[in-house]
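What follows is a set of notes on a single structure, which appears directly below.
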Amino acid sequence: MKKICKMRQIENLKKQGVIGEELAKHLKEQFLHLLKSINTSIAIYDFDMEAYGNIVLFENNDNLFDLTEIGFENRAITSLFPEYVEVKTYDNKEYYEGIVICNNEYAITLIAPKGVYTEEIEQWFLSEI
């Protein structure tokens, strides 16, 4: 589970081979969109989106029945109510992507590889599309 709050984290994930070129580009676009939407003069590499939300990149072996690490104490992903979930393809891999709005000023973007979780988790993602 990778919690992304800074541009440098995206670049490091790409450099380490955790994400490919297309997913890195998409994450950078989302990051820049948030930066522009809050109308701040903070430089790109100084901006930390933690106060406004973050992007969570789930990995194949993550336990989606316990999201304590990203602020949902003792909650499974199946207990969340995303605004939307869709399937997108980056670097020839399919991902679920959605957003959970926590309040008027804070939202979390969830990105998870498709087809690698338990049946219950996969069915939940599909039911939210």
Item to check | Kyte-Doolittle at least -1.0, axis length at least 27 Å by Cα - qualifying DSSP helices, the chain | outcome: none
Checklist entry - Which order do C5, C102 take when ranked by solvent-accessible area (1.4 Å probe, heavy atoms of all protein chains), largest first? => result C102, C5
Item to check | In region 1-91, the chymotrypsin sites (Phe, Trp or Tyr not before Pro) that fall in loop regions by DSSP, at most 14 other Cβ within 10 Å | outcome: Y45
Checklist outcome for this item: Comparing N104, N60, N12 in a Gaussian network model of the chain (Cα, 10 Å), the one with the largest mean-square fluctuation is N104
Next on the checklist: Within region 1-98, how many Lys pairs that are eight or more residues apart, or on different chains, come under 17 Å at the alpha-carbon?
Outcome noted: 23
Next on the checklist: If you average the C-alpha positions of region 19-65 and of region 106-123 separately, how far apart do those two centres end up, in angstrom?
Outcome noted: 17
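Suppose the chain between S37 and T78 were pulled fully straight at 0.36 nm per residue; how much longer would it get relative to their current alpha carbon spacing? Spell out each step's value before the answer.
Values: separation 41, 0.36 × 41 = 14.76 nm, distance 2.93 nm.
Full extension of this stretch gives 11.8 nm more.
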Checklist outcome for this item: Expressed in nanometres to one decimal, the distance between label points 7 Å along Cα→Cβ at Q123 and E22 is 3.0
Item to check | Accessible-area value, H33, 1.4 Å probe, nucleic acids and ligands omitted, Å² | outcome: 130
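Can you pull out the trypsin sites (Lys or Arg not before Pro) in region 1-92 that DSSP calls coil and that have at most 16 other Cβ atoms within 10 Å? Walk me through the numbers before you get to the answer.
Working: sites: K2, K3, K6, R8, K14, K15, K25, K28, K36, R75, K88; in loops: K6, R75.
Here the trypsin sites (Lys or Arg not before Pro) that fit, given the DSSP loop and packing criteria, are R75.
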Checklist entry - Mind checking which of A43, A24, A112 has the largest fluctuation in a GNM of the chain, springs on alpha carbons under 10 Å? => result A43
Checklist outcome for this item: the chain, Gaussian network, Cα under 10 Å: of I111, I55, I77, the residue fluctuating most is I77
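The values are calculated or read from the model by the stated rules, or taken from the named source; none is laboratory data. Just so it is clear, the structure is predicted and the values come from calculations on it, not from any experiment. Heads up, the Cβs are rebuilt from the backbone with ideal geometry, glycines too, and the neighbour counts pull from every protein chain shown. Please note that ligands, DNA and RNA were not included when accessible areas were found on the heavy atoms of the full protein model with its side chains. Shrake-Rupley method; radii C 1.70, N 1.55, O 1.52, S 1.80 Å.
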